[in-house]
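Right, one structure below, let's go through it.
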Amino acid sequence: MTYLGMPTAPPGVGQLRGSEPFPRAAETALGNGQLRRNLANATSIIRAKRAAAVAELDDWQELRTAAAAIKDDVLANLDGYLLQLEARVTERGGVVHWARDATEANRIVTGLVAATGSREVVKVKSMATQEIGLNEALAEAGILAFETDLAELIVQLGHDRPSHILVPAIHRNRTEIRDIFLAEMAGVEPGLTDDPAALAEAARRYLRQKFLTAKVAISGANFAIAETGTLMVVESEGNGRMCLTLPDTLITVMGIEKLLPSFTDLEVFLQLLPRSATGERMNPYTSMWTGVHPGDGPAQFHLVLLDNGRTATLADERGRSALRCIRCSACLNVCPVYERTGGHAYGSVYPGPIGAVLSPQLTGVADNPSLPFASTLCGACYDVCPVAIDIPSMLVHLRSRVNQDNASSHRLPGPEAAGMAAASWAMGGRRRWTWLLRAARLGRLAGLSRLSRSAAGRRLLPPPLSAWTRSRDLPTPPEQSFRDWWAGQG
Amino acid sequence: MRVALFATCLVDGLFPDVARATVRVLRRLGHEVVFPQDQSCCGQMHLNTGYPAEALPLIRRHVRVFAGFDAIVAPSGSCAGSIRHQHADTARRFGDERLAAAAEGVAARTYELSEFLVDVTGVIDVGAYFPHRVTYHPTCHSLRLLRVGGKPMALLRAVDGIELAELSAAESCCGFGGTFALKNSAVSSAMLADKVAAIRDTGAAVCAAGDSSCLMHIGGGLSRLHVGARTLHLAQILASTRSEPALA
């Protein structure tokens, strides 16, 4: 299978690629005790809340099935739904822009802001704009972007990167947040404590001024309704509502897969999303807008539809259901790998299990070859996914794409590919396999075990198997294989 | 009942006691056990590391070897899971509809040991005796791919003399994940550390599970850290009797 002709997310802009492979970044993160405690604490609380909220609904599995079917319909008919959305938004006074990738989206948004004459924008929490590195692009054009979501504000003031889709500052505890506010927040009270209410009050004072002065707001969208041209943002704090209603100009950047066909589809998704995301029956603020209304809310509305590798993802029939994702983060919170490494190790704004399948598809697997392997395939992610994305199977599929990509870019197979081929051959014949099991045992008896014993008496193997013996002992090889025992008992 | 044993390559080569124990339990319950000697590997390692083309001949072989049996029992949740969830799909991926259909047939007659005992034969008490403190790790693929649920625990509860200790965060992965343990050995070890600590906290002499690969990982950690607990496959506990006890 080839995936030629579909543009992937370009390198050098936005945040979908890490600077080092996952195993190395993960090892660094594992060494950070504060991070480990913050993550273990936060994920265990959210996990328990989600489980309780989901258990209240006796039709949860039916809702998941319905959501998956609705999203699959959107993906199968994306061209039609997108044109329908464009027509409805335009009819209601909005302007629709099409962005092939991050570079184009950043250019469009920067141009729109510049045209207003404003040098400041307020932002609603948005994954799409993090994905394309919009804040950096705006900064290059001399435009200051202020994140207004509390957690995004913490990340921005800390000159940090988000480490979770929904809780971007999950890697920070309240003492660290107090320290960031004291160092970076203009006009902050010098006696600020790490009491959560005090921290929220400090952020409120700081942000209120921005809301009242900003002329331009930038948002993402959780959903867009094709039949009505309605955009929707769900949030917890109300800061999004401020941004969506107070400024003169609203610019929304949205991935093309965020569509729903009709308004009634929200019945399904608004039950699934809050319970999966924060473990709440309903999120505190749900804002919807359709075009512009004279004298009420922003007078200018621009919708930027972003591809950035989504069409390339859609082209892979075994990978495309990653585009069902509604960014709830339930898979992050249950993932035993994410829980220990946090999000930064994944190198992308989309971390955890969904990030491990989404980021490599958006960038092309060659640019994220380690992410599909960043999972034990334990399946906890699939169990909680509200749109039933079979992440483990998709990881396995993407692993084969990575291996194929390696094979096609090298003339000789690597040691792993050669080993896999050799094992397949050896296991493919009864005599070969029986012989190999005996030879392996004889090899051990003939001194391999002695050779591989370190001074401390541990059996240590050469690379790559040393990765095993570094922290685990090897089993003692048996006197004979089962098949030899079976043959001997007659 | 005539039962074909799929020992799995790992058990065949490294943990033959587990296959022998499976045979003992099945024979004790009156079944005729056959071991088709052309069997080798289900291809799970190849598939899950991203080498479906290399797995295909193993799948073809497995399906040919086991096609004629009414019941195929494997002492492994992950191998049974691979057979049930990946074989036919992989055959289709390579355009082999005939193999896919045959693989579906074999998959439908393949059971992980606890499934076979509880669902097919309806036996909960297999007449085992194991007077030791045991904790049970419900391996990810048994739990979430096969959905064996409470079957292994039901079998263990019926064992005479056993003292079961609940494992905290039991459903968390031990960190094995096949080649994950090598490719991401640091994260794998961090997960193993928590599993080992949970096992230690139970005070159990034995950590049992239905998959020798997970047990190899957990056992490697228990041994390295001299925790004083060891691993046994579920089959080994179920095979243990007063006259032929398994050692704790």
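The values are calculated or read from the model by the stated rules, or taken from the named source; none is laboratory data. What you see is a predicted model, and the numbers here were worked out from it, not measured in a lab. Here Cβ is always computed from backbone atoms with ideal geometry, including for glycine, and neighbour counts include all displayed protein chains.
Numbers below:
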item	result
Residue that is in contact with an Asp or Glu (Cβ under 8 Å, 6 or more places away or on another chain) and within 27 Å of B:Leu232 (Cα to Cα), where the choices are B:Ala74, B:Ala88	B:Ala74
Verdict on A:Gly447 being farther than 30 Å from B:Pro36 by Cα, outside any loop (DSSP other than H, G, I, E, B), at pLDDT below 75 and more than 7 Å from every other protein chain (Cβ to nearest Cβ)	yes
First in the range B:20-44 and touching a residue at least 40 places away in the same chain (Cβ under 8 Å) and of a type in the set (A, V, I, L, M), second anywhere and assigned to a loop (DSSP other than H, G, I, E, B) and surrounded by fewer than 24 Cβ atoms within 10 Å (Cβ to Cβ), Cβ under 7 Å, 6 or more apart	B:Val25/B:Val126; B:Leu29/B:Thr121; B:Leu29/B:Val123; B:Leu29/B:Val126
Residue list for the range A:39-62, restricted to those being touching a residue at least 40 places away in the same chain (Cβ under 8 Å) and either among the basic types (Lys, Arg) or crowded, with 17+ Cβ neighbours inside 10 Å (or both)	A:Leu39, A:Ala42, A:Thr43, A:Ile46, A:Arg47, A:Lys49, A:Arg50, A:Ala53, A:Val54
Identity of the residue in the range A:399-422, facing chain B (nearest Cβ under 8 Å) and hydrophobic (A, V, I, L, M, F, W, C), that ends up surrounded by the most Cβ atoms within 10 Å (Cβ to Cβ)	A:Met420
Of residues in the range A:253-299 being polar (S, T, N, Q) and without any contact (Cβ under 8 Å) to a residue 60 or more places away in the chain, the one surrounded by the fewest Cβ atoms within 10 Å (Cβ to Cβ)	A:Thr264
Counted residues, the range A:226-242 - those being crowded, with 17+ Cβ neighbours inside 10 Å and free of Cβ contacts under 8 Å to residues at least 60 places away in the same chain	4
Residues of the range B:93-116 satisfying the condition of being more than 16 Å from B:Ala7 (Cα to Cα) and of a type in the set (A, V, I, L, M)	B:Leu99, B:Ala100, B:Ala101, B:Ala102, B:Ala103, B:Ala108
Residue list for the range B:190-214, filter: at the interface with another protein chain (Cβ under 9 Å from one of its Cβ atoms) and either in a loop (DSSP other than H, G, I, E, B) or free of Cβ contacts under 8 Å to residues at least 24 places away in the same chain (or both)	B:Ala190, B:Met191
Every residue from the range A:327-349 that is assigned to a helix (DSSP H, G or I) and within 10 Å of the chain's Cα centre (by Cα)	A:Cys331, A:Leu332, A:Tyr346
Options B:Ala181, B:Ala103; residue that is away from chain A (no Cβ under 14 Å), part of a helix (DSSP H, G or I), more than 17 Å from the chain's Cα centre (by Cα) and surrounded by 20 or more Cβ atoms within 10 Å (Cβ to Cβ)	B:Ala103
Search result, residues across the range A:17-31 that are within 12 Å of chain B (Cβ to nearest Cβ) and not aromatic (Phe, Trp, Tyr)	A:Pro21, A:Pro23, A:Arg24, A:Ala25, A:Ala26, A:Glu27, A:Thr28, A:Ala29, A:Leu30, A:Gly31
Verdict on A:Arg318 being in contact with a strand residue (DSSP E or B) (Cβ under 7 Å, 6 or more places away or on another chain) and among the basic types (Lys, Arg)	no
Only one of B:Val73, B:Val63 that is more than 9 Å from chain A (Cβ to nearest Cβ) and free of Cβ contacts under 8 Å to residues at least 60 places away in the same chain	B:Val63
The range A:405-425 residues that are more than 24 Å from B:Leu10 (Cα to Cα), paired with ones that are assigned to a helix (DSSP H, G or I) (beta carbon under 6 Å, 6 or more apart)	A:Asp405/A:Val365; A:Asp405/A:Ala366
Test: residue in the range A:107-117 that is surrounded by 20 or more Cβ atoms within 10 Å (Cβ to Cβ) and modelled with pLDDT of 95 or more	yes
Selection status of A:Val396, over 30 Å from A:Asp73 (Cβ atoms), within 12 Å of chain B (Cβ to nearest Cβ) and either part of a helix (DSSP H, G or I) or touching a His at 6+ places or on another chain (Cβ under 6 Å) (or both)	no
Of all residues in the range A:137-150 being surrounded by fewer than 22 Cβ atoms within 10 Å (Cβ to Cβ) and without any contact (Cβ under 8 Å) to a residue 60 or more places away in the chain, the one that is nearest to A:Arg204 (Cα to Cα)	A:Leu144
Scan of the range A:450-464 for residues that are at pLDDT 70 or above and surrounded by 14 or more Cβ atoms within 10 Å (Cβ to Cβ), ordered by number	A:Leu460, A:Leu461, A:Pro464
Residues satisfying the stated conditions in the range B:215-241, i.e. more than 10 Å from every other protein chain (Cβ to nearest Cβ) and within 16 Å of B:Asp17 (Cα to Cα)	B:Arg230, B:Leu232, B:His233, B:Leu234, B:Ala235, B:Gln236, B:Ile237, B:Leu238, B:Ala239, B:Ser240, B:Thr241
Leading residue by the ranking (surrounded by the fewest Cβ atoms within 10 Å (Cβ to Cβ)) among those in the range B:1-58 that are among the acidic types (Asp, Glu) and either at the interface with chain A (Cβ under 10 Å from one of its Cβ atoms) or closer than 21 Å to B:Asp96 by Cβ (or both)	B:Asp38
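Each row is one residue, and each column tells you yes or no for (1) in contact (Cβ under 8 Å) with a residue 40 or more places away in the chain; (2) buried (at least 18 other Cβ atoms within 10 Å of the Cβ).
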site: A:Pro168; (1), (2): yes, yes
site: A:Arg172; (1), (2): yes, yes
site: A:Ala186; (1), (2): no, no
site: A:Ala198; (1), (2): no, no
site: A:Ala202; (1), (2): no, yes
site: A:Leu212; (1), (2): no, no
